[in-house]
Amino acid sequence: MNITLVCAAGMSTSIMVNKIKAAAEKEGETISIRAVSESAFSNYAEETDVLLLGPQIGYALSRLKGLYEPKGIKVDVINTIDYGMMNGENVLKQARNLLAEK
């Protein structure tokens, strides 16, 4: 699973990346994950299965869904509480659930 987290500048999601990596490792799962700014995401689209937006740019959800879901990328906003608590386990579950949807 290739996950890309996007926020306004790509910085606040860096902590979340580490939390999600730790959750995946704890479960013995191998994932690829990165954090980038919204403006840089197009450079990583081909390497992304799931695109998760930081709550601070949730306003971009419909636009990014329209651009990337037709290309097979699942797009959603990270739950505000999970983001605030840096709950990597729940965000990893969210990514898995998105991939399971057809």
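The values are calculated or read from the model by the stated rules, or taken from the named source; none is laboratory data. All values derive from a computational prediction rather than experimental measurement. Every residue, glycine among them, receives a Cβ derived from its backbone with ideal geometry; neighbour counts consider all protein chains shown. These area figures cover heavy atoms from the full protein model, side chains too; ligands, DNA and RNA do not enter into them. Shrake-Rupley method; radii C 1.70, N 1.55, O 1.52, S 1.80 Å.
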- [ ] Pairs of Cα atoms under 8 Å, at least six residues apart: use those to get the relative contact order of the range 2-100, whole percent.
- [x] 35 percent
Open item on the list: As an exercise, identify the GluC sites (Glu not before Pro) in the range 11-102 lying in DSSP coil whose Cβ has no more than 14 other Cβ atoms within 10 Å.
Closed with: GLU27, GLU29, GLU101
Open item on the list: Let me cross-check MET85: its accessible surface, 1.4 Å probe, with only protein heavy atoms counted, in Å² to the nearest 10?
Closed with: 150 Å²
TODO: When a/c is below 1.5 the answer is rounded, else prolate if a/b is larger than b/c, else oblate, so apply that to the range 15-56 with a ≥ b ≥ c taken from the square roots of the Cα gyration tensor eigenvalues.
DONE: oblate
TODO: Output ³J(HN,Hα) for the range 88-98: one whole-Hz value per residue in order, computed from phi by the Karplus curve 6.51 cos²θ - 1.76 cosθ + 1.60 with θ = phi - 60°, and x for Gly and Pro.
DONE: x, 4, 5, 5, 4, 4, 4, 5, 4, 5, 4
- [ ] Tally up the carbon and sulfur contribution to the accessible surface of the chain as a whole percent, 1.4 Å probe, everything protein left in place.
- [x] 51 percent
Task: For the range 2-100, accessible area per residue (1.4 Å probe, heavy atoms of protein chains only), Å² - done: 52 Å²
- [ ] Quick one: how many lysine pairs does the range 2-100 have with C-alpha atoms less than 17 Å apart and a gap of 8 or more or different chains? Give me the count, please.
- [x] 5
Open item on the list: List the residues, sorted by chain then number, that are 5 or more residues from ALA35 or on another chain and whose placed amide H is less than 5 Å from its amide H.
Closed with: LEU5
